[in-house]
1. Going highest first, how would you order 178-184, 125-131, 96-102, 147-153 by mean Cβ packing within 10 Å?
2. Mind sorting LEU239, LEU64, LEU144, LEU198 by how few other Cβ atoms lie within 10 Å of their own Cβ, fewest first?
3. For the range 203-241, which trypsin sites (Lys or Arg not before Pro) pass both filters: DSSP loop (anything but H, G, I, E, B) and at most 15 other C-beta atoms within 10 Å?
4. Using DSSP to call loops (not H, G, I, E or B), can you name the trypsin sites (Lys or Arg not before Pro) in the range 62-106 whose Cβ has at most 13 other Cβ atoms within 10 angstrom?
5. Would you pull out the residues with amide H under 5 Å of LYS50's amide H, same chain only if 5 or more places away, H placed 1.01 Å from N?
6. What number comes out for the charge environment of GLY133, summing +1 per Lys or Arg and -1 per Asp or Glu over other residues with Cβ under 13 Å away?
7. Cα-Cα over 20 Å: which of LYS165/LYS189; LYS165/LYS185; LYS165/LYS190?
8. With Cβ to Cβ distances under 12 Å as the rule, what net charge do the other residues near VAL72 carry (K, R +1; D, E -1)?
Amino acid sequence: MCTAHKPAAPASLIERRRFLQLATLGAGGMLLAGALPVSLAEAAPSLPIKPANAINAAQALDRLKEGNQRYVAGVTKRHDFMTEREALVGGQNPFAAVLSCADSRIAPEHAFDTTRGDLFAVRVAGNFVTDDGLASLEYAVAVLGTPLIAVLGHDGCGAVSAGIKALQEDARFPGKIQGLAEALKPSVKKALTTPGDLLDNAIAQNVLDSVTRLRGESKVLGNAIRDGKLNIVGGIYRLGSGQVEWIA
């Protein structure tokens, strides 16, 4: 039973209120009449649901690396899901957000040996930045106080392979898949002149491009980086070993 902390209102409601306050921010950074200014620090939960997750970006990255080392070695921790379930009803304070591919072989929670409430996961085939994905990551940073975003690609990515075929062979794909392939073509173009395997190079370039976009295209994320409250990194998950190679 979790009896040590009984907030007056559920943390999930507090999170929604804070998010709505942030949503009323105008272009000049002022809230609409009747609301008080809210900084990124004020938006984060004042009493963390999981105290161990109240860490800075450098500590968060170390924790991801240590968790991946355990995963690769096959010595992952035993997680007590039942005890955490009740505590997490009241809210969340993930120590990292991960933008990863939707590939069924890629499971960030397992790859970093984490449990529920630890990672804020955004997944899309090709692990590239979409408007909805960016909004989700902004929510993690501005409202939940998440100090680290990791863009996680993987070798043998079918989405990037489709981008290569769309560029080199003018391949056409059914439904919305074509739009996904088109979104990955810019990274493929940059990788064409790099020595080595085109697919491997394009996968790495796509991770680098996604990190660059997150750093440069969002004022919410950019301000958090400027204030020393956020870092954005990139890595590639190796299917054979489970190891994550950090490249950005």
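Computed from the coordinates by the stated procedures, all read-outs in this text should not be read as laboratory data. Treat the numbers as computed from the prediction; the structure is a model and nothing was measured. In this analysis, Cβ positions are derived from the backbone assuming ideal geometry, glycine residues included, and neighbour counts consider all displayed protein chains.
1. Details: 178-184: 18.0, 125-131: 19.7, 96-102: 23.9, 147-153: 26.9.
Ranking the peptides 178-184, 125-131, 96-102, 147-153 by packing returns 147-153, 96-102, 125-131, 178-184.
2. Values: LEU239 13, LEU64 27, LEU144 24, LEU198 16.
Ascending number of Cβ neighbours within 10 Å: LEU239, LEU198, LEU144, LEU64.
3. Numbers: sites: ARG213, ARG215, LYS219, ARG226, LYS229, ARG238; in loops: LYS229, ARG238.
Those that pass, being in a loop and sparsely packed, are ARG238.
4. Numbers: sites: ARG63, LYS65, ARG70, LYS77, ARG78, ARG85, ARG105; in loops: LYS77, ARG78, ARG105.
Sites meeting the loop and neighbour criteria: LYS77, ARG78, ARG105.
5. Here ASN93 satisfy the definition.
6. Numbers: positive: ARG123, ARG213; negative: ASP131, ASP132, GLU138, GLU217.
Surrounding charge for GLY133 is -2.
7. On the way: LYS165/LYS189 11 Å; LYS165/LYS185 9 Å; LYS165/LYS190 15 Å.
Violating the 20 Å limit, Cα to Cα: no pairs.
8. Neighbourhood net charge equals 0.
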